[in-house]
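The values are calculated or read from the model by the stated rules, or taken from the named source; none is laboratory data. Note that this is a predicted model, so its numbers are computed, not measured. Ideal geometry is used to build each Cβ from the backbone, glycine not excepted, and the neighbour counts take in all protein chains shown.
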Amino acid sequence: MRPFAENDGAAVYQYWKSDPGWERFNTSVPSGFTHKDASRFVADMCARDRDEKPNWALVHNNVVVGVASLSFDDEHRTALLGYGIHSDLRGRGLCAEATRRVLDCAFSGYPELHTVRAHTDADNGASIRVLQKLGFSEERDSGDKASDGRPTRHGTTFRLLRTEWGVQGGA
């Protein structure tokens, strides 16, 4: 894991375009994803305030193959977790390992952090397994909308409390 670099756009484009599920389950990915979209995504990751919206490029064999991110509320009491990894690397525990490190950083670096939430499509079994492995529990069925206003298909929200981290599946 490392911060994104400006030249990561080509690698991001490769793993997003090689995985039809990425667009299916990630409503923030524009339909017809292009090299320009990948470069904009990377530029956005690089420009984010790392205190409010830290993010990491997931790297395997020196190639960017995924992303992990947190978005904190104003008081750092709640964070929204995002993550994804190249389809060829799923099922190896790499995404759960990276996400575990993100949660370790979040709970140790933000003492006021109480709850981490993650939204996922109810049909995205791989994502649900990652969250369950880390000790998240299903909170509710959400009717949330994606960042671009499109409704999620049938999203599910998972929650992890600080008091649960390290007990069920954490560090």
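Observations
- Of all residues in segment 83-109, those satisfying the criterion of being without any contact (Cβ under 8 Å) to a residue 60 or more places away in the chain and surrounded by fewer than 19 Cβ atoms within 10 Å (Cβ to Cβ) are Leu89, Arg90, Gly91, Arg92, Gly93, Leu94, Ala96, Glu97, Cys105, Ser108, Gly109.
- When the residues of segment 51-72 are filtered to those that are of a type outside the set (A, V, I, L, M, F, W, C) and surrounded by 14 or more Cβ atoms within 10 Å (Cβ to Cβ), the one that is nearest to Gly84 (Cα to Cα) is Gly66.
- Those residues of segment 114-156 which are of a type in the set (S, T, N, Q), at pLDDT below 90 and either under 14 Å from Thr78 (Cβ atoms) or buried (at least 17 other Cβ atoms within 10 Å of the Cβ) (or both), in sequence order: Thr120, Asn124, Ser127, Thr152, Thr156
- Number of the condition not met by Thr78 [criteria: (1) closer than 13 Å to Val130 by Cα; (2) β-branched (Val, Ile, Thr); (3) touching a His at 6+ places or on another chain (Cβ under 7 Å)]: (1)
- Close pairs from segment 12-40: first exposed (fewer than 14 other Cβ atoms within 10 Å of the Cβ), partner at pLDDT 65 or above and in a loop (DSSP other than H, G, I, E, B), Cβ under 9 Å, at least 6 apart: Ser18/His86; Arg24/Asp123; Arg24/Asn124
- Qualifying residue in segment 20-40 (condition: touching a strand residue (DSSP E or B) at 6+ places or on another chain (Cβ under 9 Å) and modelled with pLDDT of 90 or more): no
- Annotation note: of Arg77, Arg48, the sole residue that is surrounded by 13 or more Cβ atoms within 10 Å (Cβ to Cβ), charged (D, E, K, R), in contact with an Asp or Glu (Cβ under 7 Å, 6 or more places away or on another chain) and farther than 17 Å from Tyr15 by Cβ is Arg77.
- Inspection of segment 58-81 identifies no residue that is over 10 Å from the mean Cα position of the chain (by Cα), in contact (Cβ under 8 Å) with a residue 40 or more places away in the chain and over 29 Å from Asn7 (Cα atoms).
- Among the residues of segment 72-108, those that are of a type in the set (Phe, Trp, Tyr) and over 13 Å from Arg162 (Cα atoms) comprise Phe72, Tyr83.
- Odd one out for Gly91, checked against (1) closer than 16 Å to Gly125 by Cα; (2) not in a loop (DSSP other than H, G, I, E, B): (2)
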